[in-house]
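Visitor: One structure, as structure tokens, below. Some questions next.
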Amino acid sequence: MSELPTYWQLNKERLAPTKKAWAQANKDKIKESNKKWREKNRDYLKKRQKEYANGGYYKNKLIQKFNVMKGEILVGNDSEQLLEDFRELLDEMLELELISEDEYDNIVSNI
């Protein structure tokens with residue numbers, strides 16, 4: 001059994017400019033509505049963020065970033081911003097259990 005197209009699907013080209021114009025004219029309403037939704041669904045969003053953080057892609061990106069920053073520091077780049085960003089990255093990696101507390105303490109003490 002095939003599904004019938006929705007009204008929106010049938011009239012998308014005609015309705016899209018109207019929808020876009022309304023969105024441009026009502027940015028505050030949209031922002032407030034999104035804020036209310038996020039507040040109402042805070043637990044759901046936290047759950048989704050945790051699932052994303054535990055996913056392989058995000059962890060791989062953190063590890064890649066760690067290796068690049070570590071290399072920068074090892075070649076002598078000791079800028080305050082780099083060291084601050086590196087510490088924040090280490091905190092996040094510790095929180096996600098990508099490094100142990102011993103590794104964290106060892107790295108932080110050597111910076």
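Visitor: Per q in 0.09 Å⁻¹, report the Debye log10 I(q)/I(0) for the chain, using one uniform scatterer on each alpha carbon and no solvent.
Guide: Here log10 of I(q) over I(0) equals -0.52.
Visitor: If you average the alpha carbon positions of the stretch 70-84 and of the stretch 1-62, how far apart do those two centres end up, in angstrom?
Guide: Centre-to-centre distance over Cα atoms comes out at 38 Å.
Visitor: On full extension of the chain, what length is gained from D85 through K35, given 0.36 nm per residue of separation minus the C-alpha to C-alpha distance? Please list the in-between numbers first.
Guide: On the way: separation 50, 0.36 × 50 = 18.00 nm, distance 2.88 nm.
Contour length minus Cα-Cα distance gives 15.1 nm.
Visitor: Could you sort 85-91, 23-29 so that the peptide with the highest average Cβ count within 10 Å comes first and the rest follow in order?
Guide: Details: 85-91: 15.0, 23-29: 9.9.
Put in order of decreasing packing, that is 85-91, 23-29.
Visitor: Hey, another quick one. Over the chain, calculate the relative contact order: mean separation of alpha carbon pairs under 8 Å at least 6 apart, over the residue count, as a percent. Walk me through the intermediate numbers first.
Guide: Numbers: 23 pairs, mean separation 18.3, N = 111.
For the chain, the relative contact order is 16 percent.
Visitor: If you don't mind, there's one more thing I want to ask. Taking the simple approach of a point 7 Å from Cα along Cα-to-Cβ for both K70 and D28, what is their distance in nm?
Guide: 5.1
Visitor: Moving on to the next point. Determine the gain in length on full extension of the stretch Y57-Y7; use 0.36 nm per residue of separation and subtract their C-alpha separation, reporting nm with one decimal. It would help to have the intermediate numbers written out before the result.
Guide: Working: separation 50, 0.36 × 50 = 18.00 nm, distance 3.72 nm.
Stretched out fully, the Y57 to Y7 stretch lengthens by 14.3 nm.
Visitor: Going by amide H atoms built from the backbone, whose H comes under 5 Å of the H on I99, apart from near neighbours?
Guide: For I99, whose amide H was placed from the backbone, the distant partners under 5 Å are L94.
Visitor: If you don't mind, there's one more thing I want to ask. As a test of understanding, state the convex hull volume per residue of the stretch 51-110 from its alpha carbons, in Å³. Before the final figure, lay out each step's value.
Guide: Numbers: hull volume 4.3 nm³, N = 60.
Value for the stretch 51-110: 71 Å³ per residue.
Visitor: Okay, next question. Sketch the reach of a paramagnetic label on E92 as a point 7 Å from Cα along Cα-to-Cβ, and name the residues of the stretch 39-66 whose backbone nitrogen lies under 11 Å away.
Guide: Correct set: 53, 58-66.
Every read-out reported here was derived from the displayed coordinates using simple, explicitly stated rules and does not represent laboratory data. Model, not experiment: these values are computed from the prediction. FYI the Cβ positions are ideal-geometry reconstructions off the backbone, even for glycines, and counts take in every protein chain you see.
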